[in-house]
Amino acid sequence: MPDDEEEAVYVVTDETGREMELVPICSFDCNDKNYVVMIDRNDPEAEGLILRVEEDGDEMVLANIEDDDEWNAVVDIYNEMLESESWMKGLLQ
């Protein structure tokens, strides 16, 4: 990533009230919907968080995935991406 680009940071509050600074590491499509994988900028060892990207007018909104079928389909695609060597190369560039 070039030095002149600013890192996108999203402040999210979890169910316990703790704020996390999340950064996107990848995005993908599943069943005509967009998803983003975020990690905690201050705890890169923490598990990633997968959120659905929705549009609200001109704004993009991150939403939790609450439907089990949708979640299972998204996780399957994400796991395939993790196993893909080409995905890892894109992350390291």
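The values are calculated or read from the model by the stated rules, or taken from the named source; none is laboratory data. Given the structure is predicted, the values throughout are model-derived calculations rather than measurements. A quick note on method: Cβ atoms are made from the backbone with ideal geometry, for glycine too, and the neighbour counts reach across all protein chains shown. Side chains included, ligands, DNA and RNA excluded: accessible areas come from the protein's heavy atoms. Shrake-Rupley method; radii C 1.70, N 1.55, O 1.52, S 1.80 Å.
Pairs are defined by a Cβ separation below 7 Å, a sequence spacing of at least 6 or placement on different chains, a first member in segment 26-46 that is farther than 17 Å from residue 65 by Cβ and open to solvent by less than 20 Å² (accessible area, probe 1.4 Å), and a second member that is assigned to a strand (DSSP E or B) and charged (D, E, K, R); the pairs so defined are 40/21.
Residue selection: residue 80 fails the criterion of being part of a strand (DSSP E or B), acidic (Asp, Glu) and either modelled with pLDDT of 90 or more or open to solvent by 100 Å² or more (accessible area, probe 1.4 Å) (or both).
Restricting attention to segment 37-89, the residues that are touching a Leu at 6+ places or on another chain (Cβ under 9 Å) and of a type in the set (A, V, I, L, M, F, W, C) add up to 10. Contact map, segment 55-82: first residue touching a residue at least 24 places away in the same chain (Cβ under 8 Å), second residue part of a strand (DSSP E or B) and aromatic (Phe, Trp, Tyr), Cβ cut-off under 7 Å, separation 6 or more or different chains; pairs are 62/10; 74/35; 77/28; 81/28.
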